[in-house]
Amino acid sequence: MRLDNIDTENINPNTLNIDRASTAEIIRMINNEDKLVALAVEKELPNIEKAVDIIYEQLKKGGRLIYIGAGTSGRLGILDAVECPPTFGTDTEMVQGIIAGGEGALIQAVEGAEDNAQMGAEDIKSRGFSSLDVLVGIAASGRTPYVIGAMQYAKSIGAKIIAISCSSNSRMAEIADVAITPLVGPEVITGSTRMKSGTAQKMVLNMLSSAVMIKLGKTYTNLMVDVLATNKKLERRAVKIVTNTTGASEEEAKKALENCNGNCKTAIACIKCNLSPDEAKKALQNADGHLRKIIE
């Protein structure tokens, strides 16, 4: 696909004079364009729903969620992946992010890495990618060879594939089982897809991982009951989650958490259902980790 046929490479008529605008005018232009992003994502909700259900089903079978991208798209995938363990108490293997050029590309661009389709395939093979896993290819243009190479390999072994791009009629969309394509329009700075396209991708990734984790029982009401309390802020949050959910005092909550190795979900089950920590763990296992099933 030629660059002049890619939506994200089009020139934005609303910002042609941005180089001679005042500071206030520049940031107003950016803000006005950003307002379009959520509306573009909203139009893709049916496809996001399909993607969430696919990921949920594969994770329940023991599969993994693997994001892959280059540049901004790769960094966003990794960002979403690394936030899942502390937020939802997931194993670090369950959600992973891969970026063209390897970890070094997180902080410094690796020129030409995105053009290597074979490397995309090799990078998911090196993670032991299987037909149980779900591959989410992320590229604003929808044409990045590195991502397409990975997607083609995933397709060849029968894995589920999701594409997130911001360009219509993309090659990635053709390969994917589900294509999520928020059309945010031309960027404020032509081709700078770290802007609206990146914002749209971040919003979609938030939805995918959060909705899947909710369906897996990682929340009770809207509280992150599987949070890993790895710092003082999260330790305080864990206590608050237990007190808010059970009505227990802070001292009672702290004691329950201590008895349950800091696990909010187990501590809540102990208090709400008058169970021992071992009984609570067993009940949660029988309920596939869904706290609500035990309480109700």
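Numbers at a glance
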{"read-out": "Subset of Lys155/Lys215; Lys218/Lys282; Lys233/Lys293; Lys61/Lys160; Lys60/Lys232; Lys233/Lys254 violating a 20 Å alpha-carbon distance limit", "value": "Lys155/Lys215; Lys233/Lys293; Lys60/Lys232"}
{"read-out": "For peptides 64-75, 232-243, sequence by mean Cβ density within 10 Å, most packed first", "value": "64-75, 232-243"}
{"read-out": "Within-14-Å neighbourhood charge of Lys202 [Cβ basis; K, R +1; D, E -1]", "value": "-1"}
{"read-out": "Relative contact order of the stretch 50-150, defined on C-alpha pairs under 8 angstrom at six or more residues apart (%)", "value": "36"}
{"read-out": "Separation between Cα centres of the stretch 248-289 and the stretch 200-227, rounded to whole Å", "value": "21"}
{"read-out": "Solvent-free Debye scattering, log10 I(q)/I(0), computed from the Cα coordinates of the chain at q = 0.07 Å⁻¹", "value": "-0.32"}
{"read-out": "Antiparallel content of DSSP bridges confined to the chain, in %, to 5", "value": "5"}
{"read-out": "Förster radius 35 Å - calculated FRET efficiency between Ser168 and Val110 (Cβ-Cβ, nearest 0.05)", "value": "0.80"}
{"read-out": "Assigned charges on the beta-carbon of Lys, Arg, Asp, Glu; the chain dipole about Cα centre (debye)", "value": "680"}
{"read-out": "Debye log10 I(q)/I(0) at q = 0.16, 0.17, 0.24, 0.26 Å⁻¹ for the stretch 1-84, Cα point scatterers", "value": "-0.97, -1.04, -1.24, -1.24"}
{"read-out": "Within the accessible area of the chain (1.4 Å probe), percent carbon and sulfur", "value": "49"}
{"read-out": "Estimated distance in nm for a label pair at Arg236 and Ser130, the labels positioned 7 Å out from Cα along Cα-to-Cβ", "value": "4.3"}
{"read-out": "Between the stretch 14-57 and the stretch 228-244, the Cα center-to-center distance that results, in Å", "value": "33"}
{"read-out": "Residue-by-residue Karplus 3J(HN,Hα) for the stretch 219-226, coefficients 6.51, -1.76, 1.60, Hz, glycine and proline x", "value": "10, 10, 6, 10, 9, 7, 6, 9"}
{"read-out": "Amide H contacts under 5 Å for Val136, placed H, 5+ residues apart", "value": "Ile66, Tyr67, Ile68, Ile162"}
{"read-out": "Kyte-Doolittle mean at least 0.0 and Cα axial length at least 27 Å: DSSP H helices in the chain", "value": "23-42, 196-215"}
{"read-out": "Area accessible to solvent at Glu93, 1.4 Å probe radius, in Å²", "value": "100"}
{"read-out": "Fully extended contour minus Cα-Cα distance, from Glu25 to Glu252, at 0.36 nm per residue", "value": "76.3 nm"}
{"read-out": "Net charge of Cβ neighbours under 15 Å - reference Ile162; Lys, Arg +1; Asp, Glu -1", "value": "-3"}
{"read-out": "Residue among Leu257, Ala238, Tyr153 farthest towards the positive dipole end of the stretch 139-296, charges placed on Cβ", "value": "Tyr153"}
{"read-out": "Fully extended contour minus Cα-Cα distance, from Asn5 to Glu93, at 0.36 nm per residue", "value": "27.9 nm"}
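The values are calculated or read from the model by the stated rules, or taken from the named source; none is laboratory data. Owing to the predicted nature of the structure, the values given are computational and were not obtained by experimental measurement. With ideal geometry, Cβ positions are generated from the backbone for all residues, glycine too; neighbour counts draw on all protein chains shown. Just so you know, the surface numbers come from the protein's heavy atoms only, side chains and all, with ligands and any DNA or RNA stripped out. Shrake-Rupley method; radii C 1.70, N 1.55, O 1.52, S 1.80 Å.
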